[in-house]
1. For residues that are in a loop (DSSP other than H, G, I, E, B) and either of a type in the set (A, V, I, L, M, F, W, C) or open to solvent by 80 Å² or more (accessible area, probe 1.4 Å) (or both), scanning just region 13-47, find the one that is modelled with the lowest pLDDT.
2. Where the second residue is surrounded by 13 or more Cβ atoms within 10 Å (Cβ to Cβ) and of a type in the set (Gly, Ala, Ser) and the first is under 16 Å from LYS29 (Cβ atoms) and modelled with pLDDT under 95 and lies in region 76-90, which pairs have Cβ atoms under 8 Å and are six or more apart or on separate chains?
3. State which residue is modelled with the lowest pLDDT when the search covers only region 48-72 and only residues that are open to solvent by less than 100 Å² (accessible area, probe 1.4 Å), under 26 Å from LYS94 (Cβ atoms) and in a loop (DSSP other than H, G, I, E, B).
Amino acid sequence: WVPAANIKEEETKYHVELSAPGYKRDDIKVSVEDDTLTITGELKTENEAKKENYVKREFRSGNFKRSFNLNGMVNLEKIDAKYEDGILKIDLPKIENQVKKLKEIKVG
């Protein structure tokens, strides 16, 4: 299972939203190594009843891992992550000299 992600580019940052419902804040880890943002989640089910005789079982458990290449465009010291209501929100501030300036060119 791989969680869905939305990535939006803004003027000064990238904003990532990752859908991970059913996880707790402590189940999710965010790290950067070699310019790659990695998000992992481990859903821990405690004391699963082995004696129960399920006819159908749809509760999910397990792990996920999702990685994104940052291409040297992100200030690694200022990354911010929050998890609430099943959505992980990560702000990736751009390196200042990488911020794109829009300049209109007059067509003659």
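The values are calculated or read from the model by the stated rules, or taken from the named source; none is laboratory data. Computed from a prediction, not measured in an experiment: that's the story for all the values here. With ideal geometry, Cβ positions are generated from the backbone for all residues, glycine too; neighbour counts draw on all protein chains shown. Just so you know, the surface numbers come from the protein's heavy atoms only, side chains and all, with ligands and any DNA or RNA stripped out. Shrake-Rupley method; radii C 1.70, N 1.55, O 1.52, S 1.80 Å.
1. At the first step, the residues of region 13-47 found to be in a loop (DSSP other than H, G, I, E, B) are 20-24, 34-35, 44-47.
Within this subset, residues satisfying the condition of being either of a type in the set (A, V, I, L, M, F, W, C) or open to solvent by 80 Å² or more (accessible area, probe 1.4 Å) (or both) are 20, 24, 34, 44, 46-47.
Details: ALA20: 92, LYS24: 90, ASP34: 92, LYS44: 69, GLU46: 55, ASN47: 50.
The qualifying residue modelled with the lowest pLDDT is ASN47.
2. none
3. Applying the filter and picking the extreme gives GLY72.
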